[in-house]
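Colleague: To start, I am sharing the structure in question, which I have written as structure tokens.
Just so it is clear, none of the values below were taken in a lab; they were calculated from the coordinates. Computed from a predicted structure; not experimentally measured. All Cβ positions, even for glycine, are placed from backbone atoms using ideal geometry, and neighbour counts span all protein chains on display.
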Amino acid sequence: MNIVSRIRSKVIDDVTTMARFIRNIIIPHSPGFSLALFVMITVFVVRSVVGGYFIPQAIANVVNAVRRSEEELFFKRFVTGVGLFGAAAIVFIATEFALMRYFTKLADSIVSLKKAMLAKINENGNNEPLDDVIGRVSSDIDFVIWNINAVLTTLLPNVFTAVASTITIFSFNTSIGLAMLASSAPYMLLAEYYSRKAEVARLEERRAYSASIAYIRDALYERRNGDLLNNVFSWWRKSITNLIWFDRIYWGFGLFTQFSSAAAISYMSIEKARKGEIDVGTLAGIISAALGAHGAMLNAMWALCIQSQTVAAIKRVTIYFTQELYEAKRNGKMGMPLAKVIARALKI
């Protein structure tokens, strides 16, 4: 299996799983969520245009204004650059308040999903360990919703910004734009590696966390299971430490890629400026856009890494919103492996 198919088989599959959860579970149980999601996406499209195009153009105009001796041209470029900065400030403050509807709906969806999940369990019964089910209701739903929010509010604006910044670089110089595209590949490879490793580690962490909730209750109110609680804490710490290690791998190599690529693009731009192929203002605009694009790509791929952690919890929650598990109970087929039930429920 080549590297392209490996990326598609994991990262794209995670995107599909999360999108299906939003469409089939969050939206039906949270009226108005679709509109709130549309508002959020619109806000980030507008911001990406402002941050990825307006800001580099503003920098280019301001730098070139300083270099011009003609007073009229200086004034025109300076006013244009400062005006673009001012417009960006207005757009960002206005859109921040527009996001209020979206975040309110997130809170509503947590309450709605918990009520719906409890209703499903009361209606159909439960055959899972009680300590794990308590964690799924009390913790996993919160974890899923806020992590989905983290994915969307990190992935979308950063992808849009990376695209806008790359287009801006192409508008300045085509060859440097191609170099920008090529230098984005390592982030995608890192996200693929992380996605494969982190989902397993996060699944273990969620199981340990669920168990700890129940055992903490027992330790406080029934004064027992102290040794079991210590074992659960050790289990949880081992799981979260594995996840922290994969975090360091992503950010360490990701930040190295960001700054080494920015240095290479800066060197190419300086050489072109020395040869007279681009002016100093364009040089400043390219470096600004390259830093913006690489920072955006680093954060966008991190959103996909967060998604891989979220998928583990999504699979733990989703089975309570499908009929597959309960049909198996009624038909006396509880011997069906849980992994197969989840796979059939998610159609994966």
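Colleague: Computed over the Cα atoms, what is the radius of gyration of region 218-313 divided by 2.2 N^0.38 Å, N being its residue count?
Modeller: Expressed relative to 2.2 N^0.38 Å, the Cα Rg reads 1.88.
Colleague: Right, here's the next one. If we count other beta carbons within 10 Å of each Cβ, what is the order of 280, 133, 144, fewest first?
Modeller: By the 10 Å Cβ count, ascending: 280, 133, 144.
Colleague: Longer than 31 Å from Cα to Cα, which of 105/238; 10/272; 114/238 are they? Say none if no pair is.
Modeller: With Cα atoms farther than 31 Å apart: 105/238; 10/272.
Colleague: Here is a further query. Residue by residue through region 24-37, which ³J(HN,Hα) values in whole Hz follow from phi under the Karplus form 6.51 cos²θ - 1.76 cosθ + 1.60 (θ = phi - 60°), with glycine and proline marked x?
Modeller: 8, 10, 5, 4, x, 9, 9, x, x, 5, 4, 5, 4, 5
Colleague: At a 10 angstrom cut-off on C-beta neighbours, averaged per residue, how do the peptides 205-212, 272-279 rank from highest to lowest?
Modeller: For the peptides 205-212, 272-279, the packing ranking is 205-212, 272-279.
Colleague: Suppose R0 equals 41 Å. What FRET efficiency, 1/(1 + (r/R0)^6) with r the Cβ-Cβ distance, do residue 146 and residue 80 give to the nearest 0.05?
Modeller: In this case the efficiency is close to 0.50.
Colleague: Among 84, 118, what is the fewest-to-most ranking by other Cβ atoms within 10 Å?
Modeller: The most exposed by this proxy come first: 118, 84.
Colleague: Using modelled backbone amide H atoms (1.01 Å from N, in-plane), which distant-in-sequence or interchain residues come within less than 5 Å of residue 278's amide H?
Modeller: 273
Colleague: As a footprinting exposure proxy, order 192, 271 by other Cβ within 10 Å, with the fewest listed first.
Modeller: Result, fewest neighbours first: 271, 192.
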